[in-house]
Amino acid sequence: MLGRVSRPVKVAKDLLLIRVGVLLIAVSAKIAVPMWPVPITTGTFAVLGLAAAYGPRLGLATIALYLVCGALGVDVFAGSTLLST
């Protein structure tokens, strides 16, 4: 039973990965790559990278929590007021 991880440990690990993923997407959404005519953000690459790394279950949970944070008013989306002057 050396390779088995208890359920509470797995849940705690998954919750930590989800929080880190939301933080990564939020920070990446603020970084704009200047392109013409529309600049893009690195949030797109963060979402794709997390989806590839996390898989469908954790990836969906991460994006869902990111959207819930934005809906609750947390400043996580691109073009929001956090870095505006």
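The values are calculated or read from the model by the stated rules, or taken from the named source; none is laboratory data. Keep in mind that this is a model prediction, so the values were computed, not measured. Cβ sites come from the backbone with ideal geometry, for glycine too, and all protein chains shown count toward neighbours. For accessibility, only protein heavy atoms count, side chains too; no ligands or nucleic acids. Shrake-Rupley method; radii C 1.70, N 1.55, O 1.52, S 1.80 Å.
Taking (1) modelled with pLDDT of 95 or more; (2) among the hydrophobic types (A, V, I, L, M, F, W, C); (3) open to solvent by 100 Å² or more (accessible area, probe 1.4 Å) in turn, L82 satisfies each apart from (1).
Can you find a residue in the stretch 12-30 that is part of a helix (DSSP H, G or I), more than 21 Å from V76 (Cα to Cα), open to solvent by 80 Å² or more (accessible area, probe 1.4 Å) and without any contact (Cβ under 8 Å) to a residue 40 or more places away in the chain? So far as the stretch 12-30 goes, yes, one or more of its residues are part of a helix (DSSP H, G or I), more than 21 Å from V76 (Cα to Cα), open to solvent by 80 Å² or more (accessible area, probe 1.4 Å) and without any contact (Cβ under 8 Å) to a residue 40 or more places away in the chain. If we keep just the residues of the stretch 31-43 that are open to solvent by less than 80 Å² (accessible area, probe 1.4 Å) and of a type in the set (V, I, T), which is farthest from V68 (Cα to Cα)? Within the stretch 31-43, the match that is farthest from V68 (Cα to Cα) is V33. Among residues of the stretch 58-77 that are within 14 Å of L24 (Cβ to Cβ), those with a Cβ under 7 angstrom from a residue that is open to solvent by 50 Å² or more (accessible area, probe 1.4 Å), sequence gap 6+ or separate chain, pair up as L58/L17; G59/A51; I63/V47.
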